[in-house]
1. Once every Cα of chain B carries one equal point scatterer and solvent is ignored, give the base-10 log of I(q)/I(0) from the Debye formula at q = 0.24 Å⁻¹, two decimals.
2. With all protein chains present and a 1.4 Å probe, how do A:His44, A:His111 order by accessible area, largest first?
3. Tabulate in residue order the Karplus-calculated ³J(HN,Hα) for segment A:64-76, using 6.51 cos²θ - 1.76 cosθ + 1.60 with θ = phi - 60°, rounded to whole Hz; enter x for Gly and Pro.
4. Please list, in order along segment B:17-31, the HN-Hα scalar couplings obtained from phi with the Karplus expression 6.51 cos²θ - 1.76 cosθ + 1.60 (θ = phi - 60°), rounded to whole Hz, x for Gly and Pro.
5. Could you give each residue of segment A:158-172 its phi-based ³J(HN,Hα) in whole Hz, using Karplus coefficients 6.51, -1.76, 1.60 with θ = phi - 60°, and x for Gly or Pro?
6. Need one value for A:76-86: mean number of C-beta atoms belonging to other chains within 10 Å of its residues' C-beta atoms.
7. Give me a single rounded figure for A:63-71: the average over its residues of other chain Cβ atoms within 10 Å of their Cβ.
8. Work out Dmax and Rg for the protein assembly as shown from the C-alpha atoms and quote the Rg first, both in angstrom.
Amino acid sequence: MEEHRDDIGSRMGMWIFIFTEILLFGGLFLVYAIFRAKYSAEFHSAAYELNTFLGAFNTVILLISSMTVAMSITAVQKGDKKLALILLGITILMALTFLVNKYFEWGHKVHMGIYPGSDLLKQFEQGELMFFGLYYFMTGLHVFHIIVGMIILLVVMYKVNSGTINADKFVLLENGGLYWHLVDLIWIFLFPLLYLIT
Amino acid sequence: MDDHHENHITPYITHLKVLVTLLFLTFATIAVTYVELGALTVTVALLIATVKVFIVITWFMHLKYEEPIFRYFVIGVFLLFALIIFITFFDYAFR
(Lines give C-alpha, C1' and ligand atoms only; values in the text may rest on other atoms or scores of the structure.)
Protein backbone atom coordinates (compact mmCIF):
# COMPACT_ATOMS: atom_id res chain seq x y z
CA MET A 1 0.00 0.00 0.00
CA GLU A 2 1.26 3.48 -0.86
CA GLU A 3 2.18 5.38 2.27
CA HIS A 4 0.46 8.74 2.60
CA ARG A 5 2.87 11.59 3.08
CA ASP A 6 2.95 15.30 2.44
CA ASP A 7 6.41 16.77 2.98
CA ILE A 8 5.43 20.29 1.89
CA GLY A 9 2.47 20.28 4.28
CA SER A 10 4.73 19.03 7.04
CA ARG A 11 7.25 21.82 6.53
CA MET A 12 4.41 24.34 6.22
CA GLY A 13 3.18 23.28 9.67
CA MET A 14 6.67 23.81 11.09
CA TRP A 15 6.91 27.27 9.50
CA ILE A 16 3.53 28.27 10.97
CA PHE A 17 4.77 27.16 14.40
CA ILE A 18 7.92 29.25 13.84
CA PHE A 19 5.73 32.28 13.03
CA THR A 20 4.02 31.94 16.42
CA GLU A 21 7.46 31.81 18.07
CA ILE A 22 8.57 34.92 16.19
CA LEU A 23 5.50 36.78 17.43
CA LEU A 24 6.13 35.52 20.99
CA PHE A 25 9.67 36.90 21.02
CA GLY A 26 8.46 39.84 18.91
CA GLY A 27 6.22 40.90 21.77
CA LEU A 28 9.21 40.84 24.13
CA PHE A 29 11.30 42.87 21.68
CA LEU A 30 8.47 45.39 21.59
CA VAL A 31 8.47 45.68 25.40
CA TYR A 32 12.25 46.12 25.20
CA ALA A 33 11.91 48.86 22.54
CA ILE A 34 9.35 50.85 24.54
CA PHE A 35 11.34 50.72 27.79
CA ARG A 36 14.54 51.51 25.96
CA ALA A 37 12.87 54.60 24.54
CA LYS A 38 11.70 55.54 28.04
CA TYR A 39 14.92 54.77 29.98
CA SER A 40 17.66 55.04 27.33
CA ALA A 41 20.36 56.30 29.73
CA GLU A 42 19.74 53.49 32.26
CA PHE A 43 19.66 50.84 29.52
CA HIS A 44 23.04 52.11 28.36
CA SER A 45 24.65 51.90 31.79
CA ALA A 46 23.06 48.52 32.60
CA ALA A 47 24.24 46.96 29.33
CA TYR A 48 27.86 47.73 30.37
CA GLU A 49 27.47 44.95 32.95
CA LEU A 50 27.05 42.32 30.23
CA ASN A 51 30.05 40.43 28.93
CA THR A 52 30.34 41.26 25.21
CA PHE A 53 33.01 38.63 24.68
CA LEU A 54 30.81 35.78 26.00
CA GLY A 55 27.88 37.10 23.97
CA ALA A 56 29.97 37.24 20.78
CA PHE A 57 31.42 33.79 21.48
CA ASN A 58 27.92 32.35 21.87
CA THR A 59 26.86 34.04 18.61
CA VAL A 60 29.71 32.33 16.75
CA ILE A 61 28.80 28.99 18.36
CA LEU A 62 25.16 29.26 17.28
CA LEU A 63 26.08 30.29 13.72
CA ILE A 64 28.45 27.32 13.34
CA SER A 65 25.84 24.93 14.78
CA SER A 66 23.30 26.31 12.28
CA MET A 67 25.69 25.44 9.47
CA THR A 68 26.35 21.91 10.74
CA VAL A 69 22.62 21.15 11.03
CA ALA A 70 22.05 22.51 7.49
CA MET A 71 24.97 20.38 6.25
CA SER A 72 23.51 17.28 7.91
CA ILE A 73 20.49 17.60 5.57
CA THR A 74 22.87 17.59 2.59
CA ALA A 75 24.62 14.53 4.04
CA VAL A 76 21.34 12.63 4.49
CA GLN A 77 20.21 13.57 0.97
CA LYS A 78 23.48 12.15 -0.37
CA GLY A 79 22.99 9.00 1.70
CA ASP A 80 26.03 9.67 3.90
CA LYS A 81 24.60 8.50 7.21
CA LYS A 82 27.88 8.58 9.13
CA LEU A 83 28.64 12.19 8.19
CA ALA A 84 25.06 13.23 9.01
CA LEU A 85 25.40 11.73 12.50
CA ILE A 86 28.77 13.44 13.05
CA LEU A 87 27.35 16.81 11.95
CA LEU A 88 24.30 16.45 14.21
CA GLY A 89 26.60 15.41 17.06
CA ILE A 90 28.69 18.56 16.55
CA THR A 91 25.48 20.64 16.58
CA ILE A 92 24.43 19.18 19.95
CA LEU A 93 27.95 19.71 21.37
CA MET A 94 27.79 23.34 20.24
CA ALA A 95 24.43 23.69 22.01
CA LEU A 96 25.99 22.25 25.18
CA THR A 97 28.88 24.73 24.92
CA PHE A 98 26.34 27.54 24.63
CA LEU A 99 24.65 26.34 27.83
CA VAL A 100 27.97 26.11 29.70
CA ASN A 101 28.83 29.70 28.67
CA LYS A 102 25.40 30.83 29.80
CA TYR A 103 25.95 29.09 33.14
CA PHE A 104 29.17 31.04 33.72
CA GLU A 105 27.61 34.28 32.50
CA TRP A 106 24.57 34.02 34.76
CA GLY A 107 26.65 32.56 37.59
CA HIS A 108 28.94 35.59 37.54
CA LYS A 109 25.93 37.96 37.67
CA VAL A 110 24.28 36.05 40.51
CA HIS A 111 27.60 36.13 42.34
CA MET A 112 27.70 39.92 41.97
CA GLY A 113 24.17 40.03 43.39
CA ILE A 114 22.39 40.89 40.13
CA TYR A 115 19.50 38.48 39.77
CA PRO A 116 15.70 38.87 39.79
CA GLY A 117 14.51 39.86 43.28
CA SER A 118 18.00 40.43 44.72
CA ASP A 119 18.58 43.14 47.34
CA LEU A 120 21.17 44.87 45.16
CA LEU A 121 18.79 45.02 42.19
CA LYS A 122 16.11 46.66 44.32
CA GLN A 123 18.44 49.63 44.91
CA PHE A 124 18.95 50.11 41.14
CA GLU A 125 17.19 52.73 39.05
CA GLN A 126 13.83 51.71 37.57
CA GLY A 127 15.29 51.55 34.02
CA GLU A 128 18.17 49.27 35.05
CA LEU A 129 15.71 47.03 36.85
CA MET A 130 13.69 46.76 33.62
CA PHE A 131 16.85 46.01 31.62
CA PHE A 132 17.93 43.14 33.86
CA GLY A 133 14.37 41.82 34.08
CA LEU A 134 14.17 41.68 30.30
CA TYR A 135 17.72 40.31 30.05
CA TYR A 136 16.95 37.37 32.34
CA PHE A 137 13.53 36.69 30.85
CA MET A 138 14.54 36.89 27.17
CA THR A 139 17.82 34.99 27.47
CA GLY A 140 16.06 32.52 29.81
CA LEU A 141 13.28 31.83 27.32
CA HIS A 142 15.95 31.51 24.63
CA VAL A 143 17.94 29.01 26.72
CA PHE A 144 14.73 27.01 27.17
CA HIS A 145 14.46 26.86 23.36
CA ILE A 146 18.09 25.69 23.15
CA ILE A 147 17.31 22.80 25.52
CA VAL A 148 14.17 21.84 23.56
CA GLY A 149 16.19 22.08 20.32
CA MET A 150 18.82 19.72 21.75
CA ILE A 151 16.13 17.15 22.63
CA ILE A 152 14.63 17.42 19.12
CA LEU A 153 18.05 16.98 17.52
CA LEU A 154 18.79 13.96 19.75
CA VAL A 155 15.54 12.31 18.57
CA VAL A 156 16.45 13.18 14.96
CA MET A 157 19.93 11.67 15.46
CA TYR A 158 18.38 8.48 16.81
CA LYS A 159 16.10 8.26 13.77
CA VAL A 160 18.93 8.93 11.32
CA ASN A 161 20.86 6.11 12.98
CA SER A 162 17.93 3.69 12.85
CA GLY A 163 17.24 4.59 9.20
CA THR A 164 13.76 6.05 9.77
CA ILE A 165 15.23 9.26 8.37
CA ASN A 166 16.93 8.44 5.06
CA ALA A 167 17.78 9.92 1.65
CA ASP A 168 14.20 9.41 0.48
CA LYS A 169 12.41 10.56 3.62
CA PHE A 170 14.00 13.26 5.73
CA VAL A 171 11.31 15.86 6.43
CA LEU A 172 11.69 15.30 10.21
CA LEU A 173 15.36 16.29 9.94
CA GLU A 174 14.37 19.36 7.91
CA ASN A 175 11.82 20.39 10.54
CA GLY A 176 14.29 19.78 13.39
CA GLY A 177 16.76 21.94 11.47
CA LEU A 178 14.16 24.69 11.01
CA TYR A 179 13.60 24.75 14.78
CA TRP A 180 17.33 25.02 15.41
CA HIS A 181 17.63 27.90 12.92
CA LEU A 182 14.80 29.68 14.76
CA VAL A 183 16.90 29.54 17.95
CA ASP A 184 19.73 31.12 15.95
CA LEU A 185 17.43 33.82 14.46
CA ILE A 186 16.29 34.95 17.91
CA TRP A 187 19.86 35.17 19.17
CA ILE A 188 20.88 37.26 16.12
CA PHE A 189 18.59 40.01 17.48
CA LEU A 190 19.16 39.39 21.20
CA PHE A 191 22.94 39.75 20.94
CA PRO A 192 23.17 43.33 19.54
CA LEU A 193 20.18 44.58 21.53
CA LEU A 194 21.33 43.31 24.95
CA TYR A 195 25.14 43.19 24.69
CA LEU A 196 26.12 45.83 22.17
CA ILE A 197 23.97 48.86 22.91
CA THR A 198 26.41 50.42 25.41
CA MET B 1 2.59 13.28 -5.22
CA ASP B 2 6.24 12.78 -5.94
CA ASP B 3 7.35 16.15 -4.62
CA HIS B 4 10.05 14.77 -2.34
CA HIS B 5 12.13 13.65 -5.32
CA GLU B 6 12.48 17.23 -6.55
CA ASN B 7 14.27 18.32 -3.38
CA HIS B 8 17.20 20.60 -3.94
CA ILE B 9 20.53 19.42 -2.53
CA THR B 10 22.58 22.36 -1.25
CA PRO B 11 26.33 21.72 -1.69
CA TYR B 12 28.47 21.76 1.49
CA ILE B 13 30.54 24.64 0.12
CA THR B 14 27.42 26.86 -0.11
CA HIS B 15 26.72 26.32 3.60
CA LEU B 16 30.34 27.18 4.39
CA LYS B 17 30.17 30.40 2.34
CA VAL B 18 26.94 31.38 4.14
CA LEU B 19 28.64 30.79 7.52
CA VAL B 20 31.67 32.91 6.57
CA THR B 21 29.35 35.75 5.47
CA LEU B 22 27.39 35.52 8.75
CA LEU B 23 30.59 35.54 10.85
CA PHE B 24 31.87 38.54 8.92
CA LEU B 25 28.60 40.40 9.59
CA THR B 26 28.79 39.48 13.30
CA PHE B 27 32.25 41.03 13.62
CA ALA B 28 31.04 44.02 11.62
CA THR B 29 28.24 44.54 14.18
CA ILE B 30 30.71 44.39 17.08
CA ALA B 31 33.10 46.77 15.29
CA VAL B 32 30.30 49.24 14.60
CA THR B 33 29.51 49.59 18.31
CA TYR B 34 33.07 50.77 18.99
CA VAL B 35 32.70 53.55 16.42
CA GLU B 36 30.93 56.60 17.81
CA LEU B 37 27.78 56.87 15.70
CA GLY B 38 25.45 58.04 18.45
CA ALA B 39 21.83 57.16 17.79
CA LEU B 40 22.82 55.55 14.49
CA THR B 41 24.60 52.67 16.28
CA VAL B 42 21.35 50.86 17.09
CA THR B 43 20.01 51.45 13.58
CA VAL B 44 23.16 50.02 11.98
CA ALA B 45 23.22 47.04 14.41
CA LEU B 46 19.56 46.28 13.65
CA LEU B 47 20.12 46.63 9.90
CA ILE B 48 23.01 44.14 10.01
CA ALA B 49 20.92 41.77 12.17
CA THR B 50 18.11 41.97 9.60
CA VAL B 51 20.53 41.11 6.78
CA LYS B 52 21.79 38.13 8.83
CA VAL B 53 18.23 36.92 9.45
CA PHE B 54 17.50 37.24 5.72
CA ILE B 55 20.59 35.12 4.91
CA VAL B 56 19.72 32.43 7.49
CA ILE B 57 16.11 32.20 6.27
CA THR B 58 17.05 32.15 2.58
CA TRP B 59 19.87 29.59 2.61
CA PHE B 60 20.00 27.69 5.91
CA MET B 61 16.21 27.44 6.14
CA HIS B 62 15.97 26.66 2.39
CA LEU B 63 13.30 29.30 1.74
CA LYS B 64 14.99 29.92 -1.63
CA TYR B 65 14.02 26.43 -2.77
CA GLU B 66 10.56 26.27 -1.16
CA GLU B 67 7.21 26.80 -2.88
CA PRO B 68 6.42 30.55 -3.38
CA ILE B 69 3.59 30.35 -0.82
CA PHE B 70 6.21 29.99 1.96
CA ARG B 71 7.80 33.30 0.94
CA TYR B 72 4.42 35.08 0.94
CA PHE B 73 3.79 33.76 4.46
CA VAL B 74 7.17 34.93 5.74
CA ILE B 75 6.75 38.39 4.17
CA GLY B 76 3.23 38.56 5.63
CA VAL B 77 4.46 37.76 9.16
CA PHE B 78 7.23 40.38 8.97
CA LEU B 79 4.77 43.00 7.69
CA LEU B 80 2.40 42.10 10.53
CA PHE B 81 5.19 42.52 13.09
CA ALA B 82 6.25 45.85 11.53
CA LEU B 83 2.62 46.99 11.77
CA ILE B 84 2.44 45.98 15.46
CA ILE B 85 5.63 47.97 16.18
CA PHE B 86 4.28 50.98 14.28
CA ILE B 87 0.89 50.98 16.03
CA THR B 88 2.46 50.52 19.49
CA PHE B 89 4.93 53.38 19.03
CA PHE B 90 2.21 55.56 17.50
CA ASP B 91 0.16 54.99 20.65
CA TYR B 92 3.19 55.54 22.91
CA ALA B 93 4.20 58.78 21.17
CA PHE B 94 0.77 60.43 21.46
CA ARG B 95 -0.14 59.49 24.99
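1. The calculated log intensity ratios at q = 0.24 Å⁻¹ are -1.19.
2. On the way: A:His44 70, A:His111 160 Å².
Descending order: A:His111, A:His44.
3. Each residue of segment A:64-76 in turn: 5, 5, 5, 5, 5, 5, 5, 5, 5, 5, 4, 4, 5 Hz.
4. Rounded to whole hertz, the list is 4, 4, 4, 4, 4, 5, 5, 4, 5, 4, 5, 4, 4, 5, 4.
5. 4, 6, 5, 5, 7, x, 5, 9, 9, 4, 8, 9, 9, 5, 5
6. Counting other chains' Cβ atoms within 10 Å and averaging over A:76-86 gives 1.
7. The shielding value for this peptide is 6.
8. Here Rg and the maximum Cα pair distance are 20.2, 69 Å.
The values are calculated or read from the model by the stated rules, or taken from the named source; none is laboratory data. All values reported here derive from a predicted model rather than from experimental measurement. So basically every Cβ, Gly included, is an ideal-geometry build from the backbone, and we count neighbours across all protein chains shown. Side chains are part of the model used for accessible areas, which takes the heavy atoms of the whole protein and leaves out ligands, DNA and RNA. Shrake-Rupley method; radii C 1.70, N 1.55, O 1.52, S 1.80 Å.
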